[in-house]
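Below is one structure, written out as structure tokens; the observations come after it.
The values are calculated or read from the model by the stated rules, or taken from the named source; none is laboratory data. Predicted model only: the values in this text are computed from it and were never measured. No Cβ is skipped: glycine too gets one built from the backbone with ideal geometry, and neighbour counts run over all protein chains shown. What goes into the accessible areas is simple: the full protein's heavy atoms, side chains included, and nothing from ligands, DNA or RNA. Shrake-Rupley method; radii C 1.70, N 1.55, O 1.52, S 1.80 Å.
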Amino acid sequence: MSKPFLKWAGGKSKLVPFIQFNLPTEPRKRLIEPFAGSAALSLSLEFDAYLLNDTNPDLIGLYQILKQEKQYFIDFTRQFFTSENNQEARFYELREQFNQSADLTERSALFVYLNRHAFNGLCRYNSKGRFNVPFGRYRSPYFPEAEMQGFIQKSNRIEILCSDFQTALALATDDDVVYCDPPYVPLSETASFTAYAKGGFNMDDQNRLALAAKEAAEQSQGVLISNHDTAFTREIYKDARLALIDVQRNIAAKGSSRQKVGELLAVYGE
């Protein structure tokens, strides 16, 4: 079992047992994650193969580079994790370097740097596609070498794709189980962090995912979707079995506002 090397809003590391309990029990050869994020489920569970898809080209580029360059990339990335680079002015210089870089190795290494040094580990872009999360002010940001090595150990079983979630869902066969962790339906108008890639993820996309998941479940072993437990999600997932759980949300700026919220898991294909 490996842990994600990226901090990620809504990461599923703590929910792996809950999700695993609701996965199909028959032999499962491949796990497909159309919204890869930190790939917490794929790194935690054992399958013969994995398909990680995401629309964020920086995230997918990072996974591709780490798979290809392995320890060389880890060593290259380590150079950015210094006390000098954990200063506010230097952070913004490196953030600008990331936004201007066209070199995949450099950009991927800086993506890891930003993930560990930016506020709350958020991944957010403005309308021009520029990473714009502010400095996080951490005393000593952690360099996730062991976790990156864990990814490398599985990388020969991991296929990587940068596309819309429907492309990944269309690849599902009867050997596959699919787990979808889309940007969540906001609990309020000010609570949405869906700009993880240019274009975001709106309510029409949420509906499109629910319909596509129902269709993909017919050609696979099943499709599971995580989301907030709201009247809207209960409606769009009305054709699925719903499993419910309360989870701790750690995205709020103030610790006092970090509280448990209802989350659901929609299970199609049973």
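Summary table below
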quantity: Approximate spin-label separation LEU187-ALA49, in nm, with each point projected 7 Å along Cα-to-Cβ; calculated: 3.9
quantity: Length released on extending from SER101 to SER140, taking residue separation times 0.36 nm less the Cα-Cα span; calculated: 11.5 nm
quantity: Nearest 10 degrees, 0 to 90: helix 145-154 Cα axis against the chain principal axis; calculated: 40
quantity: In sequence order, calculated HN-Hα J values of region 118-133 (Karplus, 6.51, -1.76, 1.60; Hz; x Gly/Pro); calculated: 7, 4, 6, x, 6, 10, 8, 10, 7, 5, 8, x, 9, 4, 9, 6
quantity: Protein accessible area in the chain, 1.4 Å probe - carbon and sulfur %; calculated: 48
quantity: Global geometry of region 1-133, whether rounded, prolate or oblate, following the gyration tensor of its Cα atoms and the 1.5 cut on a/c; calculated: prolate
quantity: Inter-label distance for GLN149 and LYS3, nm, one decimal - labels placed 7 Å from Cα along Cα-to-Cβ; calculated: 1.5
quantity: Between 0 and 90°, nearest 10: helix 104-117 axis offset from the chain longest Cα axis; calculated: 90
quantity: Value of [θ]222 nm, deg cm²/dmol, for the chain, DSSP H segments ≥ 4, -39500 (n - 2.57) each, nearest 500; calculated: -10500 deg cm²/dmol
quantity: Rounded to 10°, Cα long-axis angle of helix 88-100 versus longest principal axis of the chain; calculated: 60
quantity: Accessible surface, per residue, of region 1-132 when the full set of protein chains is kept, probe 1.4 Å, Å²; calculated: 43
quantity: Rounded to 5, percent antiparallel among DSSP beta bridges of the chain; calculated: 55
quantity: Additional length obtainable on full extension of the chain from ASN156 to GLU93, 0.36 nm per residue less Cα span; calculated: 19.2 nm
quantity: Over 23 Å (Cα to Cα) - which of LYS7/LYS29; LYS70/LYS154; LYS14/LYS67; LYS12/LYS154 fall in this group; calculated: LYS7/LYS29; LYS14/LYS67
